[in-house]
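Written out below as structure tokens is the structure these notes cover.
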């Protein structure tokens, strides 16, 4: 089959890009189509692939401001020659136009948060300007209608967690299958604690890193924060001397930070959350807001790896930290590491292979593309 991969943007290496890498290994001849592409910020493996960026790419430094133009850019891609399109979606990647003879599978990290689940928070909490709110309402209404309509262009949805499966149903009224994203769990290791806590996150409002910065600054516990984003300056301004900002770090440095921390902190709601899986793969417990995908990936019992607080806020995070410190000496690093095995890249590739190449497709590979494309699992 002639195949193509569509991803929202390639401007860094996070969980979504790890999925794209795994898909590219599964479909070795498939070119990648994306809205924005910066080869300096992706892995050598992705740089080695054929990547087609949209006409918006020259303006990628301002990509967050170009959301209204993204539907137009996606629909400008010419995908007529492909029998199979696999889109990787949490921005508007699934909105591409494909041939009626093609099969479109969407691996969904989440329906666009700022249009659906998090829209009230963006509108009422995180947008301070009355002018911006007034501009935001008609724009997001238009984009929500387009996003809902573009879901009908997808033949099969794949959710990265039960949490996202529920969001897909709520937003699009579409069924989906669950395939957890790939994590190279075997590359992480456990080391002696160096008496600091760790956050690995993009510094944006919905991650609620500010809750942790205030909490750790007040209690004078050591906290290291890996990541960058639009909240970087404001978070630094409120941080006390116990909070250290590490920016972006290499893969080996990140694994070392995981290995030697006391625990990993997640103060926001994650769709699935690669970070908590990397934490438990390092034998480290996770202190998290007990909502979303972290409830699927991190066990609270047998073994005890998660310490969850049920409401967002620095005071509730402080209570969870106190609980962890009371139980810390009883935790088993090898048992916590074993809980990460089910999220390996091998599990992801096996599950996606079964979805992309089901037996009926394999039995019909000798038939013309039109027949192949009409067969569904």
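Residues in the stretch 246-268 that are without any contact (Cβ under 8 Å) to a residue 24 or more places away in the chain and touching a helix residue (DSSP H, G or I) at 6+ places or on another chain (Cβ under 6 Å): how many?
So the answer is 0.
Assess whether residue 282 counts as being in the same structural domain as residue 336 (by TED's automatic domain parsing), closer than 20 Å to residue 165 by Cβ, within 20 Å of the chain's Cα centre (by Cα) and buried (at least 24 other Cβ atoms within 10 Å of the Cβ).
When the stated conditions are applied, residue 282 does not pass them.
Restricting attention to the stretch 312-357, and to residues there that are in a loop (DSSP other than H, G, I, E, B) and touching a residue at least 12 places away in the same chain (Cβ under 8 Å), which single residue is farthest from residue 208 (Cα to Cα)?
Step one: list which residues in the stretch 312-357 are in a loop (DSSP other than H, G, I, E, B), which gives 312-313, 331-332, 339-340, 357.
So of that shortlist, the ones also touching a residue at least 12 places away in the same chain (Cβ under 8 Å) come out as 312-313, 331-332, 339-340.
On the way: 312: 8, 313: 9, 331: 27, 332: 29, 339: 26, 340: 25 Å.
In this case the residue turns out to be 332.
Working carefully through the options 56, 66, find the one that is over 30 Å from residue 178 (Cβ atoms) and buried (at least 18 other Cβ atoms within 10 Å of the Cβ).
On the way: 66 fails: buried (at least 18 other Cβ atoms within 10 Å of the Cβ).
None of the others qualify; the one that does is 56.
Table: residues versus (1) within 28 Å of residue 64 (Cα to Cα); (2) surrounded by fewer than 21 Cβ atoms within 10 Å (Cβ to Cβ); (3) within 20 Å of the chain's Cα centre (by Cα).
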residue: 159; (1), (2), (3): yes, no, yes
residue: 166; (1), (2), (3): yes, yes, yes
residue: 173; (1), (2), (3): yes, yes, no
residue: 184; (1), (2), (3): no, yes, yes
residue: 188; (1), (2), (3): no, no, yes
residue: 193; (1), (2), (3): no, yes, no
residue: 205; (1), (2), (3): yes, yes, yes
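Out of the stretch 68-77, which residues are more than 23 Å from the chain's Cα centre (by Cα) and either touching a residue at least 60 places away in the same chain (Cβ under 8 Å) or farther than 18 Å from residue 145 by Cβ (or both)? Working first, answer last.
Our first condition is that a residue be more than 23 Å from the chain's Cα centre (by Cα); within the stretch 68-77, this holds for 72, 75-77.
Of everything in the stretch 68-77, those that are more than 23 Å from the chain's Cα centre (by Cα) and either touching a residue at least 60 places away in the same chain (Cβ under 8 Å) or farther than 18 Å from residue 145 by Cβ (or both) turn out to be 76, 77.
Of all residues in the stretch 207-226, count the ones that are touching a helix residue (DSSP H, G or I) at 6+ places or on another chain (Cβ under 8 Å) and crowded, with 17+ Cβ neighbours inside 10 Å. Give the steps one after another, and end with the answer.
Of the residues in the stretch 207-226, the ones touching a helix residue (DSSP H, G or I) at 6+ places or on another chain (Cβ under 8 Å) are 209-215, 217-219, 221-226.
Those still in the list that are crowded, with 17+ Cβ neighbours inside 10 Å too: 209-215, 217, 221, 223-226.
Qualifying residue count for the region: 13.
Going through the stretch 168-193 one residue at a time, which ones are free of Cβ contacts under 8 Å to residues at least 60 places away in the same chain and either touching a strand residue (DSSP E or B) at 6+ places or on another chain (Cβ under 7 Å) or on the phi < 0 side of the Ramachandran plot (or both)? Quick ask: steps written out before the conclusion?
Here is the first cut: in the stretch 168-193, the residues free of Cβ contacts under 8 Å to residues at least 60 places away in the same chain are 169-170, 173-175, 178.
Matches in the stretch 168-193: 169, 170, 174, 175, 178.
Looking at the stretch 301-315 only, could you name the residues that are surrounded by fewer than 18 Cβ atoms within 10 Å (Cβ to Cβ) and either over 19 Å from residue 331 (Cα atoms) or under 22 Å from the mean Cα position of the chain (by Cα) (or both)?
Of everything in the stretch 301-315, those that are surrounded by fewer than 18 Cβ atoms within 10 Å (Cβ to Cβ) and either over 19 Å from residue 331 (Cα atoms) or under 22 Å from the mean Cα position of the chain (by Cα) (or both) turn out to be 310, 311, 312, 313, 315.
When you look at residue 329, is it crowded, with 16+ Cβ neighbours inside 10 Å and out of contact with any strand residue (DSSP E or B) (no Cβ under 7 Å at 6 or more places or on another chain), yes or no? Write out each step before concluding.
On the way: crowded, with 16+ Cβ neighbours inside 10 Å: no; out of contact with any strand residue (DSSP E or B) (no Cβ under 7 Å at 6 or more places or on another chain): yes.
So residue 329 fails the test.
Assigned to a strand (DSSP E or B) and either over 27 Å from residue 170 (Cα atoms) or touching a residue at least 24 places away in the same chain (Cβ under 8 Å) (or both): does that describe residue 110? Please lay out each step first, then the result.
On the way: assigned to a strand (DSSP E or B): no; either over 27 Å from residue 170 (Cα atoms) or touching a residue at least 24 places away in the same chain (Cβ under 8 Å) (or both): yes.
So residue 110 does not fit the description; no.
Filter the stretch 253-274 for residues that are modelled with pLDDT of 95 or more and assigned to a helix (DSSP H, G or I); which is farthest from the chain's Cα centre (by Cα)? Explain how you work it out, then say what you get.
Quick first cut of the stretch 253-274, residues modelled with pLDDT of 95 or more only: 253-267.
Right, trim to assigned to a helix (DSSP H, G or I) and you get 253-260.
Values: 253: 21, 254: 17, 255: 18, 256: 22, 257: 20, 258: 19, 259: 22, 260: 24 Å.
The qualifying residue farthest from the chain's Cα centre (by Cα) is 260.
Any idea which of 80, 25, 133 is exposed (fewer than 14 other Cβ atoms within 10 Å of the Cβ) and either in contact (Cβ under 8 Å) with a residue 40 or more places away in the chain or closer than 25 Å to residue 273 by Cβ (or both)?
Numbers: 80 fails: either in contact (Cβ under 8 Å) with a residue 40 or more places away in the chain or closer than 25 Å to residue 273 by Cβ (or both); 133 fails: either in contact (Cβ under 8 Å) with a residue 40 or more places away in the chain or closer than 25 Å to residue 273 by Cβ (or both).
Unique residue meeting the criteria: 25.
If you go through the stretch 27-43, how many residues are assigned to a helix (DSSP H, G or I) and at pLDDT below 95?
First, pick out the residues of the stretch 27-43 that are assigned to a helix (DSSP H, G or I): 39-41.
Okay, now just the ones that are also at pLDDT below 95, so 40-41.
So the answer is 2.
The values are calculated or read from the model by the stated rules, or taken from the named source; none is laboratory data. These numbers come from a predicted model, not from an experiment. Cβ coordinates were reconstructed from backbone atoms using ideal geometry, including for glycine residues, and neighbour counts include every protein chain displayed.
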